[in-house]
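K.L.:
One structure follows; several queries about it will come next.
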């Protein structure tokens with residue numbers, strides 16, 4: 001080594017290092033980002049553009065173009081294309097975050113105006129839609145009951161179907177069930193509502209009720225439960241099943257005592273996510289539950305309230321006070337769903353089947 | 001479902017061979033027979049429900065169609081409560097297809113970008129929180145999207161629409177006469193946001209399955225990251241992107257309340273996408289339902305049947321593409 005060191009710097013100085021292509025320094029990107037944001041603010045102020053969205057768009061455009069030009073000058077065309085793709089991918093991600101952030105921000109800001117314990121504990125029974133006051137107690141009662149009833153129908157059927165598909169399913173029936181579960185996931189919620197409407201209300205002649213809504217919701221919930229349970233059951237190691245069967249335990253007891261307990265965390269998560277999904281469904285409720293501003297504790301008789309429906313109806317009422325109530329109800333609904341989501345994910349992490357060895 | 005993706009990379013137990021082994025044992029005990037019966041029964045219940053949906057909707061739709069004095073496919077009216085009822089789905093079909101296509105055109109490139117971001121670009125530690133953020137978009141109920149779209153988004157679009165009108169107004173498609181932009185375009189933008197998560201999630205799953213060997217081979221030949229993606233990830237994931245888009249399309253076609261909240265409907269087919277008007281199947285059902293007589297409800301059910309068949313076709317096709325890809329893909333072996 002010592003003999004080569006004196007010559008090395010000289011050689012490097014004489015001919016440029018051909019094995020390493022020129023690269024932009026690491027600080028080039030942040031600097032460019034900062035520069036384009038500053039330029040965008042300058043242009044925005046100069047041209048008198050009020051919308052911050054336009055400022056953001058100009059900044060993004062400047063950055064993407066700047067990165068491309070800079071890279072093609074320093075690093076060559078292929079690297080420039082690569083940088084262009086990278087910045088486009090980042091831009092798409094930011095594009096997706098903006099609506100989510102805006103939606104949550106607006107809901108929290110506008111919803112907190114009338115959100116209070118009073119709002120949660122009172123109904124709209126004696127309050128006209130254009131007047132301030134009133135609350136969502138009737139809607140919360142309705143939604144909770146409808147979702148609970150829907151889960152009572154959908155969870156057992158969904159669980160058993162998933163068990164059938166994973167533990168027993170072979171042949172044509174299993175294939176058909178798998179395919180139709182997938183297709184069922186895509187059924188528009190309004191179609192499920194129309195189905196229950198046609199057979200329960202129009203043909204059998206029953207009245208609008210929370211129960212009718214729950215039946216439609218359960219149709220939407222079943223495929224979700226089946227799919228997630230199936231995924232979880234597939235994760236249970238076969239060694240566990242074999243060990244249990246080798247000890248002479250009947251298959252059904254193996255499933256109940258070994259397979260299900262192993263997967264219970266994931267299954268709970270799936271069920272909670274399914275509940276979160278149907279709690280926000282409006283269309284079937286709109287067709288089947290009707291609207292009732294009073295608290296109705298009996299889901300089997302008469303129209304009920306429902307949170308999503310309440311939001312729709314208060315929005316349609318179109319007064320300042322009803323908009324406030326709609327936003328507050330939206331905040332409640334989003335809060336409920338987000339809490340379910342977070343809890344579900346917490347359980348998933350906590351009870352995840354240990355696949356490591 | 002980040003658990004499933006994590007564990008799916010570990011070698012999964014081969015189910016097919018052990019299934020056969022287990023099939024020879026048991027199944028004679030009464031408990032086993034009852035349990036098998038119950039679980040097979042629930043599977044059959046699911047199939048029966050699907051069949052019942054088709055049957056009942058067809059039955060009620062047939063009742064409505066037999067009295068219809070208009071042409072169900074071409075009439076530009078919806079007077080189902082009038083005494084000789086006259087209704088047709090032309091406007092609804094147009095609006096549904098147009099708004100869904102707008103949604104797809106916006107959502108697919110963005111969703112593919114995000115999927116690539118999560119699978120190949122984001123720092124590894126950030127990838128799963130980002131996937132979670134995208135899942136949050138899916139968790140927001142459609143009525144909240146509708147409220148947000150009508151009160152927050154629509155008023156902010158007037159600027160964009162006037163600009164489109166001055167630059168592209170001569171095409172007719174982007175003509176905009178001012179006023180609240182509760183148009184098919186606004187609906188399309190909102191739908192794009194709503195179907196973003198499902199397209200992202202399905203394409204991300206596919207991108208993650210792209211054979212690592214191909215990527216590493218490309219890298220070893222000196223390809224840049226973009227070239228790796230273009231040469232080995234995207235060709236592998238093409239069918240996945242197609243089926244993901246079709247699943248998104250299925251969602252967009254059937255979306256009800258968000259559309260009903262944002263759109264200000266009428267029964268005309270206008271050339272302009274930016275001016276209010278038009279309608280979709282689901283939106284029409286939701287907005288006409290309250291004032292409909294029993295016959296009017298049957299007419300709405302008839303339009304719902306069309307929607308059901310369309311979504312059935314789209315979703316079925318998407319699932320078939322996914323299933324076929326699974327069979328020949330080497331990554332799952």
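K.L.:
Under the Kirkwood approximation for Rh and a Cα-based Rg, what ratio Rg/Rh is obtained for the range B:68-332?
P.N.:
1.05
K.L.:
Still on this model: Could you work out which residue, out of B:238, B:204, B:33, moves most in a Gaussian network model of chain B, that is, has the largest mean-square fluctuation with Cα springs under 10 Å?
P.N.:
Comparing B:238, B:204, B:33 in a Gaussian network model of chain B, the most mobile one is B:33.
K.L.:
What per residue convex hull volume, in Å³, comes out for the protein assembly as shown when only alpha-carbon positions are used?
P.N.:
Taking only Cα atoms, the protein assembly as shown has a hull volume of 203 Å³ per residue.
K.L.:
Between helix B:234-254 and chain B, what is the angle of the helix's C-alpha long axis to the longest principal axis, kept within 0 to 90° and rounded to the nearest 10?
P.N.:
It works out to around 40 degrees.
K.L.:
If neighbour count is taken as other Cβ atoms inside 10 Å, put B:140, A:127, A:259, A:191 in order from fewest to most.
P.N.:
Lowest count first: A:127, A:259, B:140, A:191.
K.L.:
Across peptide A:81-92, what mean number of C-beta atoms from other chains lies inside 10 Å of a residue's C-beta?
P.N.:
Mean partner-chain Cβ count within 10 Å for A:81-92: 6.
K.L.:
What span do the alpha-carbon atoms of the range A:188-283 cover on each of the three principal axes, reported in whole Å from largest to smallest?
P.N.:
Largest first, the range A:188-283 extends 54, 25, 18 Å along its Cα principal axes.
K.L.:
Hey, got the average number of other protein chain Cβ atoms within 10 angstrom for residues in B:48-61?
P.N.:
The per-residue average across the peptide is 5.
K.L.:
If you count, for every residue in A:159-172, the Cβ atoms of partner chains within 10 Å of its Cβ, what is the mean?
P.N.:
5
K.L.:
Using a Gaussian network model on chain B with a 10 Å cutoff between Cα atoms, which of B:183, B:39, B:293 fluctuates the most?
P.N.:
Comparing B:183, B:39, B:293 in the GNM, the peak value goes to B:39.
K.L.:
What is the fewest-to-most order of A:251, A:351, A:130 by other Cβ atoms lying within 10 Å of their Cβ?
P.N.:
By the 10 Å Cβ count, ascending, the order reads A:130, A:351, A:251.
K.L.:
Next up: Quick one: angle between helix A:260-279 and the longest Cα principal axis of chain A, in degrees between 0 and 90, rounded to 10, please.
P.N.:
Compared with the principal axis, the helix lies near 80 degrees.
K.L.:
To make sure I understand, if each residue's beta carbon is the centre and we count other beta carbons within 10 Å, what order do B:96, B:166 fall in, fewest to most?
P.N.:
Fewest-to-most ranking of B:96, B:166: B:166, B:96.
K.L.:
How long are the semi-axes of the equivalent ellipsoid of the range A:137-350, defined as square roots of 5 times the Cα gyration tensor eigenvalues? Whole Å, largest first.
P.N.:
Semi-axes (√(5λ), whole Å): 37, 20, 14.
K.L.:
Compare B:196, B:253, B:268 in a GNM of chain B, Cα atoms joined below 10 Å, and give the one with the largest fluctuation.
P.N.:
Of B:196, B:253, B:268, the most mobile in the Gaussian network model is B:268.
K.L.:
Rounded to the nearest 0.05, what FRET efficiency is calculated for residue A:294 and residue B:33 with R0 set to 60 Å and r the Cβ-Cβ distance?
P.N.:
The computed FRET efficiency comes out at 0.75.
K.L.:
Suppose we look only past 27 Å in the calculated P(r) of chain A. What percent of the Cα-Cα pairs does that tail hold?
P.N.:
Looking at chain A, the distances longer than 27 Å represent 66 percent of pairs.
No value in this document is a laboratory result; all are computed from the given coordinates. Values in this document were obtained by computation on a predicted structure and should not be read as measured data. Methodologically, a virtual Cβ is constructed for each residue, glycine included, from the backbone with ideal geometry; neighbour enumeration extends over all protein chains shown.
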